[in-house]
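The values are calculated or read from the model by the stated rules, or taken from the named source; none is laboratory data. Keep in mind the model is a prediction, meaning the values are calculated, not measured. Here the Cβ positions follow ideal geometry from the backbone for every residue, glycine too, while neighbour counts run over all protein chains shown.
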Amino acid sequence: MYVLILTGGIGSGKSTVARHLERRGAIRLDLDRLASEVRGQAGVVEGLVAAFGGCILTSEGKVDATSLAKAAFVDEEHTLQLNAIMHPAIERALERRLVDVGSSCAPVPLVVVEVPLLTSADGYRRLADEVMTVSAPETLRAARVVARGMAEPDVHRRMAQQMGDDERAALADVVVSNDQGLEVLLGQVDTWFDARMAAGWAPRRHPGAGAGR
Ligand code: ATP
């Protein structure tokens, strides 16, 4: 089973690519959903409360994602603290989920894991055979997200918090460019898919070669 991490900035076209791969037989794993499951684990809840205080809990004692984001994304130090608690737990959850998918009766050739905010420090890169990033000029990404309904200042605020396409490309094994129509984007994805399939989905397990490994 070949594992692809798919990353890209806001509005780059990650979901469009993931949906296309799904149509070709891939299973899609949602890292946000895994993160939400992980926020319910007792050890993680304790760690988060120790770091950010009881104000991140709901009246039922569950971690409230919005309150957590408010407390954690105030500065880099707090963000790193959050990542240090969440990322190893997400990595373990992803590893377990990949084992589950890999041991299902119907063979799965490809699993796509969308990781919008992938960084060089993320341990889950070791679980992937390849990292693909979708890139597109910021103006185009902004226009697409605004057309989808987000206010333009919010889009630019989100973009300012994310790394740029060059930095993201350095973490990736393959870059697909989404600066033209959908058929051009999906054509690149099909070329990639067909090449991996022709190679029998041979494992690689050295993702992010561009990051200097
Ligand atoms: P987000 O990070 O905000 O979830 P994303 O990276 O998953 O975004 P998509 O949701 O796939 O990106 O694409 C953003 C929007 O741009 C969608 O409305 C999608 O239909 C549209 N879009 C993507 N690629 C193209 C393209 N090549 N031409 C026209 N529209 C496109």
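What about Pro88, is it assigned to a helix (DSSP H, G or I), modelled with pLDDT of 90 or more and more than 30 Å from Asp179 (Cα to Cα)? Walk me through it before giving the result.
On the way: assigned to a helix (DSSP H, G or I): yes; modelled with pLDDT of 90 or more: yes; more than 30 Å from Asp179 (Cα to Cα): yes.
Yes; evaluated as a whole, the condition is true for this residue.
Just for helices (runs of 4 or more DSSP H) wholly inside the range 119-213: which have at least 3 residues that are in contact with a His (Cβ under 9 Å, 6 or more places away or on another chain) and more than 25 Å from Val74 (Cα to Cα)? Give the steps one after another, and end with the answer.
Values: elements: 138-147, 152-161, 165-170, 182-198.
Passing ranges, in order: 182-198.
From Glu95, Glu114, which residue is under 27 Å from Val176 (Cβ atoms), acidic (Asp, Glu) and within 16 Å of the ligand (Cβ to nearest atom)? Lay out the reasoning, then the answer.
Values: Glu95 fails: within 16 Å of the ligand (Cβ to nearest atom).
Only one candidate qualifies: Glu114.
Starting from the range 10-37, take each residue that is among the acidic types (Asp, Glu) and list its partners that are near the ligand (Cβ under 10 Å from one of its atoms) and at pLDDT below 95, counting only C-beta distances under 8 angstrom and pairs at least six apart or across chains.
If the second residue must be near the ligand (Cβ under 10 Å from one of its atoms) and at pLDDT below 95, the pairs left are Asp30/Glu114.
Being at pLDDT below 95, out of contact with any helix residue (DSSP H, G or I) (no Cβ under 8 Å at 6 or more places or on another chain) and small (Gly, Ala, Ser): is that true of Ser103 here?
On the way: at pLDDT below 95: yes; out of contact with any helix residue (DSSP H, G or I) (no Cβ under 8 Å at 6 or more places or on another chain): yes; small (Gly, Ala, Ser): yes.
For Ser103, the condition - at pLDDT below 95, out of contact with any helix residue (DSSP H, G or I) (no Cβ under 8 Å at 6 or more places or on another chain) and small (Gly, Ala, Ser) - is met.
What tally of residues in the range 1-20 results from selecting those that are near the ligand (Cβ under 9 Å from one of its atoms), closer than 26 Å to Cys105 by Cα and among the hydroxyl-bearing types (Ser, Thr, Tyr)?
Matching residues across the range 1-20 total 0.
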